[in-house]
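Some notes on the structure that comes next.
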Amino acid sequence: MTEIVDKPIGQMTFSERWAVFMEYRTDRNKRDIINEIVQYEEGIAMASKVLLNITKEDHEKARQLSKLKYELDMQSRQVRAKRAARAEGHAEGHAEGLAEGQEQKALEIAQRMLNLGFTINDITAATELSEEQVRALEGK
C-alpha cells in the first residue's frame, strides 16, 4: 500500500484512491494526501462527510451510553450498599432478639424452679443465669 500512497493522485486508479482513503483517513500523517483525494474525487468527498457525521454521532452516542452506564453503576452500588446494611442490621437485630428471648425464657424457667423449691446453685447450673439474676427473682 505504501507504493500506492506515494503515487500522485492523478496517476492513482479510482480503486486505489478509495483504498488509500479508507486505509489512511484517520492517519494524521497522511492528512494532506487524504485532503487531496477528497478534493479530486466527489464520491470520496461525500463519503468523507458521511463518515465525519457518523463518527460524531457515534462518539456522542458512546459518550451518552458511557454516562448512562456510570449512573446505573452508581445506583447499583448504592442499592447493594443499602441491602448489605439492611441485611447486616437485620441479622444483628435477629441475633439480639434471639438472645433476648432466650434470656427471658431462662428467667421464666428459673422462676418456676424457684417456685418448686430448687436451690440457687441448681437453677444457675440448669439455666446458665448468674446467681444475681436468680436472686433478683426470689422476691417476685
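What the table shows:
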{"read-out": "Ordering of 45-52, 121-128, 75-82 by packing [mean C-beta count within 10 Å, highest first]", "value": "121-128, 45-52, 75-82"}
{"read-out": "Inter-label distance, nm, simple model (7 Å from Cα along the C-beta direction), residue 39/residue 6", "value": "2.3 nm"}
{"read-out": "Cβ-Cβ FRET estimate between residue 16 and residue 56, R0 fixed at 30 Å, reported to 0.05", "value": "0.60"}
{"read-out": "Length gained when the stretch residue 74-residue 136 is fully extended (0.36 nm per residue, less Cα-Cα span)", "value": "16.9 nm"}
{"read-out": "Size of charge dipole - the stretch 41-138 - debye, nearest 20, with Cβ of Lys, Arg +1 and Asp, Glu -1, no other charges", "value": "720 debye"}
{"read-out": "Spatially near lysine pairs across the chain, Cα under 24 Å, sequence gap of 8 or more or different chains", "value": "10"}
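Read-outs throughout are calculated quantities, based only on the coordinates presented, and are distinct from any laboratory measurement. Everything numeric in this text was worked out from a predicted model, so none of it was measured. Here the Cβ is made from the backbone with ideal geometry for all residues, glycine too, and neighbour counts use every protein chain on show.
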